[in-house]
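Worksheet: the structure to be examined is printed underneath.
The numbers here are math on the coordinates, done by the rules we state, and not lab data. Only a predicted model underlies this, so the values are computations on that prediction, with no experimental measurement involved. Counting neighbours? That spans all protein chains shown, and the Cβs are built from the backbone with ideal geometry, glycine included.
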C-alpha cells in the first residue's frame, strides 16, 4: 500500500484567505489526484496533477480558485484561494502506485472549515 | 462525462443478514469499478474492485457483480457484522493511465444492528 501524508489534517480559516494543503507520497508516482468531499457527501475529483505540466481540472473547478503545484514525483500542493464558507470540505489527495496497479490510495484528508 | 448513480442512500440490516448496494454508470468507456468503505472520520479504503472483462469477483464475505450490457454493478456483503457499518461508495474509471480518476456514486450508509 502507498503511504500518503497530508498536511494540515484540519484547519479553521477566515473567509477571503487562502490555505495550501500539502501531500507527500512515499514513492514516485506519475499522477496525483485531488478530491473534495463536502460534508456528508461523496468525493468529487478536482484535478489531476502531473509533474512538469499544468494540472488538469475537472468541470466546475478552475485554476484561479484551486491552484496546484507538482514540483516533483512525490509531492503536490493544492491551494484553496479566496475562501468562502462553501469551501468547507474535506480535501483528499490520492495516488495509484506504479504501473500495473489499479488501486487508488487516499491521504487522510484535510478538514477545512471556513468561518 | 461519467455519471454514477448509487442506491440505496441508507441501508439498515440485522447482524448476519446480507446487504446489497447497486450502482449504474453512464459511460460505456468505463472499465474499472472499485468499491470503497469509509468509516467515520477516516479515509476511503478499497474493499473490492472489478474490471469489465469479469462478471463477478468474490473476497470472503464480499462480492461484486458487473453487468456491462446494462451498465450496472452491485456490491454484496453476506453475514454482515457490526463492524461492516460504514459509508460505502462505488466508483467508475476508464482505467489505463487514469485508474486514479474516479467518478464516485453518492454513497450508501450501511448500519448493521447487533
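Quick check: convex hull over the Cα atoms of chain B, volume per residue in Å³, rounded to an integer?
94
If a/c stays under 1.5 just call it rounded; otherwise compare a/b with b/c (prolate if a/b is bigger, oblate if not). Do that for the stretch B:47-114, with a ≥ b ≥ c from the square roots of the Cα gyration tensor eigenvalues.
The shape class here is prolate.
In peptide B:91-99, how many Cβ atoms from other protein chains are near each Cβ within 10 Å, on average? Numbers along the way, then the final one.
Values: counts 3, 0, 3, 0, 1, 0, 5, 4, 8.
Per-residue shielding by partner chains comes out at 3.
Specify whether the C-alpha gyration tensor of the protein assembly as shown places it in the rounded, prolate or oblate class, a ≥ b ≥ c being the square roots of the eigenvalues: rounded for a/c under 1.5, otherwise prolate if a/b is larger than b/c and oblate if not.
Verdict is prolate for the protein assembly as shown.
Which value, in Å to one decimal place, does the Kirkwood hydrodynamic radius take for the stretch A:4-115 when every pair of different Cα atoms is included?
14.0
Averaged over its residues, how many other protein chain Cβ atoms are within 10 Å of peptide A:38-51's Cβ atoms? Please report the intermediate quantities before stating the final value.
On the way: counts 0, 0, 3, 3, 13, 10, 3, 6, 0, 0, 4, 0, 0, 0.
Whole-number average of other-chain Cβ neighbours for A:38-51 is 3.
When N counts the residues of the stretch A:56-115, how does its alpha-carbon radius of gyration compare numerically with 2.2 N^0.38 Å, as a ratio?
The value comes to 1.28.
So what's the projected area for the stretch B:1-56, the Cα convex hull averaged over all directions, in nm²?
Averaging across all directions leaves 5.3 nm² for the Cα convex hull.
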